[in-house]
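Structure first, then comments.
Here, each number is a calculation from the coordinates, and none is a lab measurement. No experiment lies behind these values; they were computed from the predicted model shown. Note: ideal-geometry Cβ built from the backbone for every residue, glycine included; neighbour counts use all protein chains shown.
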Amino acid sequence: MRRISAGCGRAERVAFWRISLLVLALMAPGPGWGEAPLTSPPPRARPAAPGIDAAVAAALIAPPPRPPGAVPLSEAVAAEALAAQQAADAARHAAEAAQAARIEAERQVAERVAHDEGAEAAEISPLAVASSLFPRRRTSSVVQRFATLAAIRAQERAQQQTAAVAVPNRTGGPSGSGLCGVRGLAGRELPRITSTTQGCGIARPVSVTSVNGIPLSLAATLDCDAATAFERWVRTEALPAIGRTGGGVTQIRIMGHYSCRPRNNQRGARISEHGRGRAVDVGGFRLADGTVVTVEQHYRRGPYRRMMRQMYQAACGIFRTTLGPDSDRFHQDHFHFDVAQHRGGGTYCR
C-alpha cells in the first residue's frame, strides 16, 4: 500500500511541473506573438462539383441495399408485433385460467368448512378467501349466548304480535268502561300467562297503570278480582284517609304484583298468591307537595300514622287477606293484599 501511494504521488508531481512549464512558455513573450494576426482568415469556398455532390447526396439519402430474399421492413415489424400480441394474449389467458382455478379451489375449501361446521347453506362469493387471520372464530360459549338471545327476542316479538292482534288495548277513565268493567281502572289487557311451575299463571291478566286517575309507580299485573278489589280500596279507603293532606295523592307506590314464587320467598313454601296474580303489595304514597309517605316510616310513628292504620284496617273485607307491619317480619315495609279463597269463605287479617 505504501509503494502504491508513493508511486501515485510521484506521477502527480511530474504532471504538475509539466503543466507549469507549459503555462510559463505560453505566457513568455516571443517573435511568434508579434507576427500572429488579430483574426483568422475565413475558410475558402470549395470548388463546385455538381456531379460529385449529387452522387454523395444520393448515397446519403438512399437506404442501404437489402440482401436477396429479405422481408420488407414494414412487414417484418408487423409480423413481430403480431407475434408479441399473440404471446401476450396467451400469457394473459394462462394467468386468468390459473386465477380461476385458484378461486374455484378456495371456494370448494370454504364450502367444505361451512359444511363441516354445520353452517347454513348459502351462496359463497367466488371472491371470498378460504380463511383469514382476523376476525377469529367465535367460541362455543359466545355462539350459544347469542343463539339464546336471538331465541328470546324472537319469542318476545311473537308474543307482542299475538297480543297486538288478539287483544285490543282498553283504557279506563271517566269516559270509558275501564278494565274488568270497572270505570276507575286504567291500563290494558294482556294475553294469558302460563308457567312451567305448577300453580303459577293468570288466565285473563290485566296490566293496571292508574287507579281513579292516580298513576301507579309501576304497572301492576293482576287478575280482574284483585284489580277490582284494589280499585275499591283506593277509592273508598285510601284516598279518603289521606284527603287533601300535602295537596292529595299523586302516585301510589307498588312494591309487588304478579311473580311466580313461594310465599315470602321461602324455599319449600306454598306458591304465593302473587304467583296467581291475585295479590298486590302497597309501599306508600307520594303527595302533591313532594312528600313520600311510606309504610316502613309512617305506619307506627309520625303525623301520617293514624291515616296509614285507618286505610290498612279498612282493607280487611275488601281483600280476603291483609298483612302489614304488625303481622310478621316479612311485611315491615308494605301492605300485602290478596283475594285468596279461605275455608268457609272467611278472611285472614293480621
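Sorted on the mean count of surrounding Cβ atoms within 10 Å across their residues, most packed first, peptides 278-285, 91-98, 195-202 read 278-285, 195-202, 91-98. In this label model, Gln144 and Ala90 are separated by 6.1 nm, measuring between points 7 Å along each Cα→Cβ vector. Across the alpha-carbon set of region 217-349, the Rg to Rh ratio works out to 0.96, Rh being the Kirkwood radius. Summarising the label geometry, the points placed 7 Å from Cα in the beta-carbon direction at Cys349 and Asn264 lie 2.2 nm from one another. Residues whose amide H lies under 5 Å from that of Tyr348, counting only those 5 or more places away or on a different chain, are Thr321, Thr322; hydrogens are built 1.01 Å from N in the peptide plane. Below 15 angstrom from the Cβ of Glu96, what's the summed charge of the other residues (Lys, Arg +1; Asp, Glu -1)? Counting the neighbours of Glu96, the net charge comes to 0. Segment Ile103..Gln251, full-extension length gain: 46.4 nm, with 0.36 nm per residue of separation and the alpha-carbon distance subtracted. Taking amide H as placed 1.01 Å from N in the peptide plane, Tyr258 has its amide H under 5 Å from the amide H of Thr221, each at least 5 places away in sequence or on another chain. Neighbours of Ile271, meaning other residues whose beta-carbon lies under 15 angstrom from its beta-carbon, give a summed charge of +3 when Lys and Arg score +1 and Asp and Glu score -1.
A straight chain from Leu82 to Asp326 at 0.36 nm per residue would run longer than the Cα-Cα distance by 76.9 nm.
Neighbour counts of C-beta atoms inside 10 Å place Ser207, Ser327 in the sequence Ser327, Ser207, starting with the fewest.
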